[in-house]
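What follows is a set of notes on a single structure, which appears directly below.
The values are calculated or read from the model by the stated rules, or taken from the named source; none is laboratory data. Please read all numbers here as calculations on a predicted model, not as lab measurements. When we count neighbours, we look across all protein chains shown, and the Cβ atoms used for this are built from the backbone with ideal geometry, even at glycine.
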Amino acid sequence: MNLKKLVTGVSGEKEFLLGNEAAVRGVIEAGVSIAATYPGTPSSEIGNVLSVLAKDANIYFEFSTNEKVAMEVAATAAASGLRSFTFMKHVGMNVASDSFMTTAYSGVNGGMVILSADDPSLFSSQNEQDTRNYARLANVPILEPSNCQEVKDMVKYAFDLSEQFNIPVIVRTTTRVSHMRGVVEFGDVEDNSSNNENHWKRGHFNKDPSKYVPVPAFAGDMHVTLWDKIHKIEDSTNKSDLNREIEFSTDKKYGLIASSSAYNYAYDVVKFNGLDVNILKLGFSYPFPKERVVEFLKDLDEVFIVEEVDPIIERDTLACIGSENLNVEVHGKLDGTFPIYHEFNSDIVADGLNKILNFKKDEDIAFSQSLEKLNDEIPSRVPVLCAGCPHRAMYYGINVAIEELGLKPSDVIFASDIGCYTLGINPPYNAADYLLSMGSSVGDGCGFSVSTDQKVASFIGDSTFFHSGISPLINAVHNKHNFVLTVLDNRITAMTGGQPNPGIPVDGMGDEAPEVSIRKLALACGCDYVRVINPFNLEQVVKTYREALERDDVAVIISKAPCTLIKGLTKKPPVKFIESNCNKCDKCVNGFACPAISKINGKIIINESQCDGCGACIQVCKYGALEAGR
Amino acid sequence: MDNHYSIYICGVGGQGIIKTSTIIGEAAMNQGLDVVMSEIHGMSQRGGSVSTELKIGGYNSSIIPKKGADMLLSFEPIETIRGLDKVNSETKIVYNTHPIIPSSANKPYPNVDNITKTLKENFKHVLPINGTQLAIDAGSVLSLNMVLLGAVTADDKFPLTKESVIEAMKNNLKPKFHEMNLKAIENGYKSIKN
Ligand code: SF4
Ligand code: SF4
Ligand code: SF4
């Protein structure tokens, strides 16, 4: 599909879209003026697509330095009467939460929608938290689409809802919804432009401190107003057709309540096994549609609650049963019918339902012994740093420096951060000992350096440094902490698919932009030792780490070389292997571990389609058996 | 439930698996069929195992249950093994016999002929093809995914026509490569039909 279709497509047209692309179409149909994000998988593609389409769609779009900033950009736009959209992954909500919580108090004028993508089973995340808790924490409505069509429709509807009640609205997806592809029928596009180029400037902020400045004197009333809104919205959730019943049976003994991707599994299991179970699908799940749920529960004997991550609908359902004195048995996560963590699938849901309904037949053909043996024998294939990745050279270099200084691996703590470089956790580098969140490697450096007599080496990426690495660096300098901070400046936000950040002379809409210098920032924070080095110069890498590790202040090393996946980079020819020089020391395979080098039948093989000629391995081989290609 | 068809596609990050799956999905949509697909993004892509799941006809969930696939299409021998929990005795197993050796592998790579032998002992429809060679024959090793796409369309139970798959291919890939890709699709198709 041509992405431009997301802008030009007319009502009734159908496309096979990724959930995240459907979200963009929803934003376009809703006539949004302002969008801001910090990239995070599984929500990243929304930004990638918006970045390409923003101008055609008449939307101002930015990659903000972090989710809190993105939240603030969207909140002020909405306060100024414009429709605004911000999106992030679940853990991004933590970063944004300080401003988000108060946005619920101050409310909005133009519609404001926050899309937060949860990651059950942690495909690319550090935890599994459930965004639906934030809806309850902040007291704002939440919608839970379960497929691509619903993503588009609910994003659009969320703007209407937001404007109707002057409140921000969350749309919660999960990995399987964001990264699902399905047929989406387009709707009408609401025009957001006033025909001038910077049309978004037409917003206007009308001052009203009692509404927008939550000093204690005002905030108390704001909280009252918020609860009033929530009570009114509850009426909408009870009537909303986003909460609807799917009938599979006239005998109302068993029921099932489900939302989001979990609903899909439940639907398929009930339908394809012909089960006598009616389903209440909750698409608008907070404020909890109590009346709707009670009406569904009334005639039932037993109800299954199928939801991913936390037992949230389940607890609300139990509360309904308690307050209405109903006699319905609840099967969900709390009684162990379904697992309390990790992603669901049809098999898990079927197993859970089967505990009560006993519909499964013993048809399983056992995996035969020979297959089982084969299964045990195959090597694993875990994600690794790419061939030619600049991070590998740094990890190799610091390990050499540590050895040369006569230190043991246990003498140095590697504080890691969120990005490709977390993959340094794998052998042979073993370069990740502790990790909390975006920017945490710098704060962790502070803590370890005062609480242990070990050396500390913190690693952070350029984008992550801008995101939340600067304030802990100020902390480190002022409080006289002692560690080596390496900023791995690969000129892109690589892990999420190559988005720009403030260190690059291009912005989110592809326009030229001032480049913010990491070196000058580190100097301005008060660091005395700041070195910018080329990671592919191994001698320089080792020498710099030796120096830095011996200091007793915060030493900052900026490793500057582009990620090999950046489009349009000119690559050097692959290296050549000179067999007669090889002394079979295996340093290139086991010590450096570039995936383009492997050893097959005792001989070193360079995979020419993978090698990008970075030249690092040439310096690793002491015997001259690896040579620059021509 | 005749028009239900599920394909589990697996291989290694960077082999063009998502593109291939999207083309099948678009072809299904163009033929007026219901289709959902699940794909993998993010950390798993750095040379790790990658899989997509496609379900045509009336499904809500895009995940294929255990033993639920009509076709297992694998771009790489050992990834075939990893996909076997989606397979039942009737599933067609089509796979490329050219290995990609994992870097920093914890175990030696098994012999591909042994893999084929064991699979044949256990399943009825095992169809190994040298997709990499067929891709080179078509003009470039990069057309491997189109060879495998052609192989899927050759299955008797596959609900889409070769023509609609080719239309969707043209819609998704640069015109410059259409001719080569057509050849690749044809090579894959023939290798299964014969
Ligand atoms: S994507 Fe870029 S930064 Fe990430 S591992 Fe690959 S080369 Fe390194
Ligand atoms: S590092 Fe050099 S000498 Fe050692 S195995 Fe590799 S190519 Fe041979
Ligand atoms: S030059 Fe050496 S280290 Fe760099 S990508 Fe090629 S094989 Fe790997």
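Listed values, structure above:
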| item | result |
| --- | --- |
| Qualifying positions in the stretch A:141-160 - in a helix (DSSP H, G or I) and within 14 Å of chain B (Cβ to nearest Cβ) | A:Cys148, A:Gln149, A:Glu150, A:Val151 |
| Residue in the stretch A:531-542 that is within 16 Å of ligand 1 (Cβ to nearest atom), aromatic (Phe, Trp, Tyr), in contact with a Gly (Cβ under 8 Å, 6 or more places away or on another chain) and more than 22 Å from A:Ile470 (Cα to Cα) present | yes |
| Of residues in the stretch A:572-612 being near ligand 2 (Cβ under 9 Å from one of its atoms) and in contact with a helix residue (DSSP H, G or I) (Cβ under 8 Å, 6 or more places away or on another chain), the one modelled with the lowest pLDDT | A:Lys599 |
| Residue in the stretch A:358-375 that is on the phi < 0 side of the Ramachandran plot, β-branched (Val, Ile, Thr) and away from chain B (no Cβ under 12 Å) present | no |
| Selection within the stretch A:572-628 - small (Gly, Ala, Ser), within 10 Å of ligand 3 (Cβ to nearest atom) and surrounded by fewer than 16 Cβ atoms within 10 Å (Cβ to Cβ) | A:Ala628 |
| Residue that is nearest to A:Val400 (Cα to Cα), among those in the stretch A:588-612 that are more than 16 Å from ligand 1 (Cβ to nearest atom) and in contact (Cβ under 8 Å) with a residue 40 or more places away in the chain | A:Gly591 |
| Those residues of the stretch B:85-108 which are assigned to a loop (DSSP other than H, G, I, E, B) and more than 8 Å from every other protein chain (Cβ to nearest Cβ), in sequence order | B:Val87, B:Glu90, B:Thr91, B:Thr97, B:His98, B:Pro99, B:Ile100 |
| Count of the stretch A:327-354 residues which are within 30 Å of the chain's Cα centre (by Cα), not in a helix (DSSP H, G or I) and not β-branched (Val, Ile, Thr) | 11 |
| Single residue of A:Gly613, A:Gly591, A:Gly602 found to be away from chain B (no Cβ under 14 Å) and among the small types (Gly, Ala, Ser) | A:Gly613 |
| Within the stretch B:61-84, tally of residues that are within 10 Å of chain A (Cβ to nearest Cβ) and either in a strand (DSSP E or B) or not charged (D, E, K, R) (or both) | 11 |
| Residues satisfying the stated conditions in the stretch A:370-408, i.e. in contact with an Asp or Glu (Cβ under 9 Å, 6 or more places away or on another chain) and surrounded by fewer than 20 Cβ atoms within 10 Å (Cβ to Cβ) | A:Ser370, A:Leu371, A:Leu405 |
| From A:Val412, A:Val382, A:Val442, residue being of a type outside the set (Gly, Ala, Ser) and touching a residue at least 60 places away in the same chain (Cβ under 8 Å) | A:Val412 |
| Any chance B:Ile23 is assigned to a helix (DSSP H, G or I) and either more than 8 Å from chain A (Cβ to nearest Cβ) or surrounded by 21 or more Cβ atoms within 10 Å (Cβ to Cβ) (or both) | yes |
| Qualifying residues in the stretch A:6-22 (those that are touching a strand residue (DSSP E or B) at 6+ places or on another chain (Cβ under 6 Å) and part of a helix (DSSP H, G or I)) - the one farthest from A:Val155 (Cα to Cα) | A:Gly19 |
